[in-house]
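Heads up, the thing below is written out as C-alpha cells.
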Amino acid sequence: MKGARQATVVGVGYSSVHREIGVDTRPLVVDACLGALHDAGLTTSQIDAVFEYPGAGSQIAVNVQRLLGIPDLRAFGDLGGSGPSGLAAAMAAVAAVESGVCDVALVFRSVNREWGQQSGRTEVPPAGNAAQFTLPYGDFGGIIPSIGMKKYRRLAELGGSEEDYGHITLNARQWSAMYERGVLTQPLTMDDYLSSRFIAEPLRLLDCDYPVTGACAAIITTAERARDLAGAAVTVDSVAFGTGSRPDWTFSDDFVFGGTIGCAQHLWATSSVTPAEVDVAELYDGFTHITISWVEALGLCGIGEFGDWVDGGKRIGPGGALPLNTNGGQLASGRLHGLSFLTEAVQQLRGDCGPRQVPGARVAVVANAHGPQCGAMVLTRT
Amino acid sequence: MSARFVPVPTPETGTYWEKAAEGELWLPRCDSCGRAVFYPRSFCPHCHGDDLTWFRASGRGVVESFIINHNPAPGYEQDAPYVIALIMLEEGVRLTTNLLGVEQTPDAVRIGLPVEVVFEQRDGIALPQFRVITGDGASG
C-alpha cells in the first residue's frame, strides 16, 4: 500500500561485545555501522539520515556521522530517555523514509556497560521531586524494584508459576549456544534458574539481561532503492508505539502490562498479517516479565495463558512452533538494548541464521521495552 | 554505613510533610473531578483542574505488590533483605512504603494484605510508613 516508499531493511551489522569496563564505544559503533553498510552494498556517502537511542557513554547520531565521514544528513535524531529502547531509532527511520524526509537511514544502538550496583549508580542523589516518595524507603534501583513488583502482581492476578519465567531464561541459552555472537552459552536447568539469587525478590539474577559494551546497526531505505541493492530486503509491514493510560513505570493504570496491550492492538490493526501467521518472535528480554507480557499482549497466546502455552519451553525453542529470541536475546547474548531483536528478525527472514535458522520464516514480530515505553514492529519477506 | 535518604520537600509537597509531622496522612484532591492525587502536584493529572484541596486520608489500604530487596540502598545495609511495597490506599492512589511489624519474607507478606499508616521519625522528618493490620479489622 505504501508503494515505492515502503520502508525496507537492507542491511544489519554488529560489533564485538565486551564485558570489561572502560571500552571505547567509538570503534565498536563504527564496526557495526560499516558492517551494516557492507551488508547492504552501500557506501557512507549514500547515507542521508542517522537515528539512534543514546545512553551514558554511547555515541550520538552526529558523532557517528563524523566518525564515518557521511557528507550531510537530511534527517537525524537521538531518541533516548523515554522511547522504545533501541527499536525507537528504527521506528523513527521508518517514518522518515516513508514520509520522504530521507531515503537511506542508518540506525544504531551503541551501549556502554553500566558498572556497579543499581544500574551503575555511584552517587547518592537527593531525595527530591518524585524521588522523595521512593528513595527514603530504600527504593534505589529504578526499574528493578518495579519489575519485581510486576512479577509478583502478575502471579497474584493471573496465576502461573516461577517456572514460566524460567522458561524464558532457559530458552535463551538454548539459542545462544547456536549463535556465533552468543555470550552466555552454557545450558541451564530449571533448578539453576530457581536457585539463582534474588535481586528484588521475586526478581532473580537470571530474570535480568547480561550487561555488555557493544553496538549493532541496521540500514532502512525505500522498497524502490532496495530493488537496486544486492542484499535480500525485508519489509517493515507495520510499526506501533504504545504507552498505556497514565504512563509511568509505577503509577500507570495497567501495572502488569503497561502499554504492551495497546501497542499490540495498534500493530495488528495496521499489519497485513495476523498473530497466527508469525513464524518467529524477537521480544525484549531485559527482564523475563517483559517477554511474557509481550507474548500475551501480542496475542501469541491468551492473557494469563503463557504457562500452558509455552509447553515446558518446547514451543519457543529450536524446532518449536513459535521460536522466540533466536539469538539468545539480551539474557544470553548481551544487552545491546533492543535493536538486536530487529537485526536478528531481519537475519531470520533472510535465511542467514545457519544452525539456528527457523525454516521458511516469512513473518517476524519484534517488540521492545515495557510500561510507558512500548514499541513493536512486524517484518515480512515474500 | 551511610545514612538513609531523607525526603527533600518541594513546594507542591510541603503540606504532605507538614501534616506527616503532626502524625496525619494528607493528600490533595481535585475540586473538579473529586479524585485524590498522588504524588502531590500543582494540578490534577486526571482532568487538569487547577484547584486541589488537601484532605486527611484514611491511612488505610492494601498491598498492591511488593518486593523483598536484596541489594540494599544506602542506610539499609543492616536490614537487607527488606520489603518495599506498593500500597493501594482506600482513596485510590498508590504509594511506596516499607512494611513494618511483619517478617520480611514472602510467607508473611502477601498481595492484598490490609495495612495502615504509621510514622517513622528520621532526621527531623516524619516519614509515612505502613504496617500490616492484624486482629480486628484484618480481612485475612
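Some observations on this one:
- Per residue, the accessible area of segment A:255-314 comes to 32 Å² when a 1.4 Å probe rolls over the protein heavy atoms.
- When you restrict to C-alpha pairs under 8 Å that are six or more residues apart and normalise by the size of chain A, the relative contact order lands at 24 percent.
- Solvent-accessible surface of segment B:58-140, taken per residue with a 1.4 Å probe and all protein chains present: 40 Å².
- Segment A:198-277: C-alpha gyration tensor shape, a/c 1.5 cut-off, then a/b vs b/c: oblate
- Taking label points 7 Å from Cα along the Cα-to-Cβ direction, B:Thr53 and A:Asp191 give a separation of 6.4 nm.
- Residues along segment A:138-180 losing 50 Å² or more of accessible surface when the other protein chains are present rather than the chain by itself (probe 1.4 Å): A:Gly138, A:Met149, A:Tyr152, A:Arg153
- Within the protein assembly as shown, the proportion of C-alpha pairs whose separation exceeds 45 Å stands at 17%.
- The alpha carbon gyration tensor of segment A:166-303 gives principal lengths a ≥ b ≥ c with a/c of 1.5 or higher and a/b no greater than b/c, which makes the shape oblate.
- Heavy-atom surface of segment A:1-111, accessible at 1.4 Å and reported per residue (Å²): 38 Å²
- Over segment A:70-223, Cα pairs under 8 Å with separation of 6+ residues give a relative contact order of 34 percent.
- For the chain pair A and B, buried accessible area totals roughly 3200 Å², probe 1.4 Å, rounded to the nearest 100.
- Measuring heavy-atom accessible area with a 1.4 angstrom probe and counting protein chains only, the residues of segment B:83-127 that give up at least 40 Å² relative to the chain alone are B:Ile84, B:Leu86, B:Arg94, B:Thr96, B:Ile111.
- Segment A:317-382: relative contact order as a whole-number percent, Cα under 8 Å and 6+ apart: 25 percent
- Under 12 Å of direct C-alpha separation, and excluding same-chain neighbours fewer than eight residues apart, A:Lys150 reaches these aspartates and glutamates: A:Glu201, A:Asp254, B:Glu64.
- Where only DSSP H runs of four or more residues are counted, chain A gives -9500 deg cm²/dmol as its mean residue ellipticity at 222 nm, each run worth -39500 (n - 2.57).
- Here the Debye sum runs over all C-alpha atoms of segment B:58-140 as equal scatterers in vacuum, and log10 of I(q)/I(0) at q = 0.11, 0.17, 0.22, 0.23 Å⁻¹ comes out as -0.28, -0.67, -1.08, -1.16.
- Ignoring lysines fewer than eight residues from B:Lys19 along the same chain, none have Cα atoms less than 28 angstrom from its Cα.
- Distance between the pseudo-spin-label points of B:Val6 and A:Arg66 (7 Å out from Cα toward the beta carbon): 4.4 nm.
- Computed over protein heavy atoms with a 1.4 Å probe, the carbon and sulfur contribution to the accessible area of the protein assembly as shown reaches 50%.
- Shape class for segment A:22-113: oblate, because the ratio a/c of the largest to smallest gyration tensor axis (alpha-carbon atoms, square roots of eigenvalues) is 1.5 or more and b/c is at least a/b.
- Chain A: angle of helix A:25-40 to the longest principal axis, Cα-based, in degrees nearest 10: 50 degrees
- Degrees separating the helix A:288-297 axis from the principal Cα axis of chain A, which is the longest one: 70 degrees
- Modelled label positions at A:Arg26 and A:Thr44, each set 7 Å beyond Cα in the direction of Cβ, lie 1.2 nm from each other.
- Here the calculated FRET efficiency for B:Leu100 and A:Arg19, from their Cβ-Cβ distance with R0 = 45 Å, stands at 0.65, rounded to the nearest 0.05.
- Shape descriptor for segment B:10-57: Rg over Rh equals 0.96 (Cα atoms; Rh from the Kirkwood inverse mean 1/r).
- In degrees, nearest ten, helix A:87-99 long axis to first principal axis of chain A (Cα): 40 degrees
The values are calculated or read from the model by the stated rules, or taken from the named source; none is laboratory data. Nothing here was measured: the structure is a model prediction, and the numbers come from that model. Positions of Cβ are backbone-derived with ideal geometry, glycine not excepted, and every protein chain shown enters the neighbour counts. Calculation scope for accessible area: heavy atoms of the full protein, side chains included, ligands and nucleic acids excluded. Shrake-Rupley method; radii C 1.70, N 1.55, O 1.52, S 1.80 Å.
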